[in-house]
1. Report yes if some residue within segment 756-770 is out of contact with any strand residue (DSSP E or B) (no Cβ under 7 Å at 6 or more places or on another chain), crowded, with 24+ Cβ neighbours inside 10 Å and more than 23 Å from ALA84 (Cα to Cα); otherwise report no.
2. So, of the residues in segment 25-51 that are over 15 Å from LEU166 (Cβ atoms), of a type outside the set (D, E, K, R) and part of a loop (DSSP other than H, G, I, E, B), which turns out to be modelled with the highest pLDDT?
3. Where the second residue is part of a helix (DSSP H, G or I) and at pLDDT 80 or above and the first is exposed (fewer than 15 other Cβ atoms within 10 Å of the Cβ) and among the hydroxyl-bearing types (Ser, Thr, Tyr) and lies in segment 66-88, which pairs have Cβ atoms under 6 Å and are six or more apart or on separate chains?
4. Quick check on ALA621: is it surrounded by 24 or more Cβ atoms within 10 Å (Cβ to Cβ) and within 16 Å of the ligand (Cβ to nearest atom)?
5. Could you identify the single residue in PRO572, PRO591, PRO599 that is touching a helix residue (DSSP H, G or I) at 6+ places or on another chain (Cβ under 7 Å) and within 16 Å of the ligand (Cβ to nearest atom)?
6. Please verify whether LEU739 is part of a helix (DSSP H, G or I), on the phi < 0 side of the Ramachandran plot and not basic (Lys, Arg), treating the condition exactly as stated.
7. Restricting attention to segment 715-742, which residues are within 18 Å of ILE298 (Cα to Cα), of a type outside the set (S, T, N, Q), open to solvent by 10 Å² or more (accessible area, probe 1.4 Å) and at pLDDT 85 or above?
8. Could you check segment 553-566 and list, in sequence order, the residues that are in contact (Cβ under 8 Å) with a residue 12 or more places away in the chain and loosely packed, with under 14 Cβ neighbours inside 10 Å?
Amino acid sequence: MAVQVPTQMATGVSAAEREWYQMPASAALAALDVGVDGLIGVQVRERLAKHGPNELTDRGAKAPLAILWEQVTSVMVLILIAAAALSLFLGKYPEAAAIFAIVILFAILGFIQEYRAERAIAALKKLAVPDVRVRRDGAVVQIPARDLVPGDIVSIEAGNIVPADLRLIEAANLRIQEAALTGESEPVEKDTEAIPLPDVGLGDRLNIGYMGTVVSYGRGAGVVIATGMQTELGKVAALIQDAPAEMTPLQHRLDTVGKQLALAGVAVALLIMVIGYFSGETFSELILTAIGVAVAVIPEGLPAVVTFTLALGAQRMLRRNALIRKLPAVETLGSVTVICSDKTGTLTENRMTVTVVDVAGHRLDLIERLHGRSPAIQPQDVHPDLVDGPMPIPLLLAAGALANDATVQRDHEAGRFHTLGDPTEGALIVAAMQGGMTKADLEAAMPRVAELPFDSDRKRMTTVHARPTGALPMPLLNVWGSKGFAPDAPYVSITKGAVDGMLDLTASVWQGSDITPLDAELRARVLAANETMARNGMRVLAVAFRPLTEPTADASVEADLILLGLVGMIDPSRPEVRAAVEKCRSAGIRPVMITGDHPLTASYIARDLGIAQNDRVLTGADLVRMSDADLAQAVDDVSVFARVSPEHKLRIVGALQAKGNIVAMTGDGVNDAPALKRADIGVAMGITGTDVSKEAADMVLRDDNFATIVAAVEEGRVIYDNLRRFLQFATAGNLGKILIMLVWPLVLYLTGLKFIDPTALLPLQLLWLNLMTDGILGMSMGFEKAEQGVMSRSPHSPSSGIFSGGVGVQILWIGALIGVLGLGVGFFYAQAGLPQWQTMIFISIAFMQVFQALGTRSSIQSLFQIGVFSNPVMWAAIGLVLALTLVVLAFPSIGQSLLGLTPLAPGDYGVALGLGVILFVAIEVEKAMRRRRAGERR
Ligand code: ATP
């Protein structure tokens, strides 16, 4: 049939005459100039150049102006602006200008940090873009979705997000949930039939798959008709707005603390004015002091430093293969108490190898002992026992390769084979090859006509095939080809899946030449074989068949099955997981295995890895019987959940959370998405995970590895520690400054030095100090590496405050000491009649805070234990702070006229340095005392 297709159609723009949905699939392929082998290299390059990458223009990130607006309308900035306005009102123009300048500086600093964090997260999200399977140059290849061009033939299956607009050319039970586009949450059953009607709405175009919609069931293939912004999704841009950025729990709390501090600053300032009023100060002096106090209290650098530290953390996690999708996860990871992990692929390598085949009366061990390592079987190594074994064995292998969606490819360079698709199925194809059969030959003899895809609730799948006719390439298929067997059944269905579920659907057993009813004895034998294999850590699948009269596959097909036999396969545990599990334990985190596999298989692996500390296993069936309260009781000491379905995961997370746990939960399937969302940290698999699970997750493991979760938790703890240390540092410093501001007038009053200025530090000097310390030094604290023992203490409880665990007390005494030393030096110089008393308070605080930062680098170890130079960024920050401070002092135009500083003599610097050293020694002595006490307790 010749279809007249206008040329612009091939560009992915809908044709005026005929829409894609109106054309038969073959016409669509012809219009896009693509054959069954897919596009060829030249076409791909041309089309990519013409249409650009298949991506939506990013509208998700927060607009720069919005970020800026947030910055300038924060409580802190507003108070500073008020202070500047007051100074202006009092005619203190330089002060007003300088405060404004600093407000702008902080706003810019905050803006840059926030903007960079946004960009970093946006970049991380880009990394999470899925890969797709396309047919190009006659081969199936995996490419990033952004490289798709119109004309590409794409395979899709349950769990995929449709990567571009597709005209479907193949659909097997394909259901697509199109809520993203049509708002309809019920999945739509798709097919490939042309719809010869005009003006069919998007929701009714059953042969089109739209970008951004979700394949919820089945599988199919389609040819790309539009990419990127030309897709239907691209046209409705508003729908792709990302969820607003969330604040981390700590950010929330810090935000509150920040606001409280700011308001406290205002309160104290008012108090000063009242006191001053009664002691006869002039109004403008009072206001100036009050502004100074307010400025001193406000932790200007706080928001910028927190965002910066979190974004830095996300980057560090990425280096360890953990991709953070939501910033709050960085912090929450640090308080995780339970990690619930899938088994297959996360704890194990997901490199399945068939090691046992078991048919009625015969069991064949392909490998004697594995010792947890994967055997190096090559598919080309044909196994004589498989080829010449009793008849049921080759038939079992053939069936396993037919009810199968994986493919095997020969890697020509390496001369080896590798499988694409589900490793469980890959193993079956390899086993068939070892029995002398290729999947291609089998499929040619018995083409698939219908199917019921695998899902992890049923734990099985069925394919329906035409019975072979004519000359058979493989004599074994005679069983299915022979007219003597079920003569009026032109089709045969093959079902494979979990043994326990399938036995209930099985009526008889294939014995090699005849069919025997499945009696109690045979049943017991099959179950015993299943258990023996599972107890040795094997995944066991049953394979069965059934003659059919109709080429359809509905649920009724999975009944009256004829069992062919069992296949046992080994999936070795990942070698690095054992150490990671041990690390979890010492860190007070409990690893829990949740798997769809058999309880005995699960137990074996759990024991092997040290996850299970007792023999208790709960199955999905147990969970159904238990109430939520019983489950909450049980989760405390059950570490293995087997034969569970995705919806059980949701209940397990709930039960663990009800017990006060912070739960990280892994998941890879479509149905895992709710559990991933419910968990405190939803973890998706980067390699084997479905697109849907990745969308729902907070974190994606680029290597699917359990050990990576543990590494991310470790980084989370480091980041939390760093933030807490910064907070302790900044708050203690600000406390010191407030004390100086408040007590200074009192000192003067009590010592009779009434002629001296009652303002200990000018607002601008305070702002400068805060910029140097809370800003520059604070930022460098985010680069601190893991403290010794981060993973040998319990997780911090998110409900305990940031100031718990002695931090509050440290803030008080360090703040007091800074205050006393600052007041002391001021008084000493003032009573000696030296004009530089104020500058001395200023420079002493600067030096003290530099030493305070060094002393705070570890909360328990001494600076010398962690290595004086082990945080080079902090040394750079210290260098910058000292250089800038000395520069303002050295230039009278800045130091004197703007900041109101007085030149110092070399000896004065010595005094300030001395005070810094005193503070440092005090901090180190206190840490030494705590170390001693901790040692005694042990
Ligand atoms: P997890 O990854 O959560 O540890 P799992 O991957 O073993 O678990 P599922 O993939 O849901 O869990 O598999 C559950 C069970 O379904 C398996 O134990 C197996 O019996 C059966 N099964 C798995 N894959 C297939 C398949 N491709 N075809 C038929 N049955 C399968």
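The values are calculated or read from the model by the stated rules, or taken from the named source; none is laboratory data. On a predicted model such as this, the values are computed, not experimentally measured, just so you know. As a convention, Cβ positions derive from the backbone with ideal geometry for all residues, glycine included, and neighbour counts pool all protein chains shown. For accessibility, only protein heavy atoms count, side chains too; no ligands or nucleic acids. Shrake-Rupley method; radii C 1.70, N 1.55, O 1.52, S 1.80 Å.
1. No - not one qualifying residue is present in segment 756-770.
2. ILE40
3. Qualifying pairs under 6 Å: none.
4. Details: surrounded by 24 or more Cβ atoms within 10 Å (Cβ to Cβ): no; within 16 Å of the ligand (Cβ to nearest atom): yes.
No.
5. Values: PRO572 fails: touching a helix residue (DSSP H, G or I) at 6+ places or on another chain (Cβ under 7 Å); PRO599 fails: touching a helix residue (DSSP H, G or I) at 6+ places or on another chain (Cβ under 7 Å).
Result: PRO591 is the single residue among PRO572, PRO591, PRO599 that is touching a helix residue (DSSP H, G or I) at 6+ places or on another chain (Cβ under 7 Å) and within 16 Å of the ligand (Cβ to nearest atom).
6. Working: part of a helix (DSSP H, G or I): yes; on the phi < 0 side of the Ramachandran plot: yes; not basic (Lys, Arg): yes.
The answer is yes for LEU739.
7. Correct list: ARG724, ARG725, LEU735, ILE738, LEU739.
8. ASP554, ALA555, ALA559, ASP560
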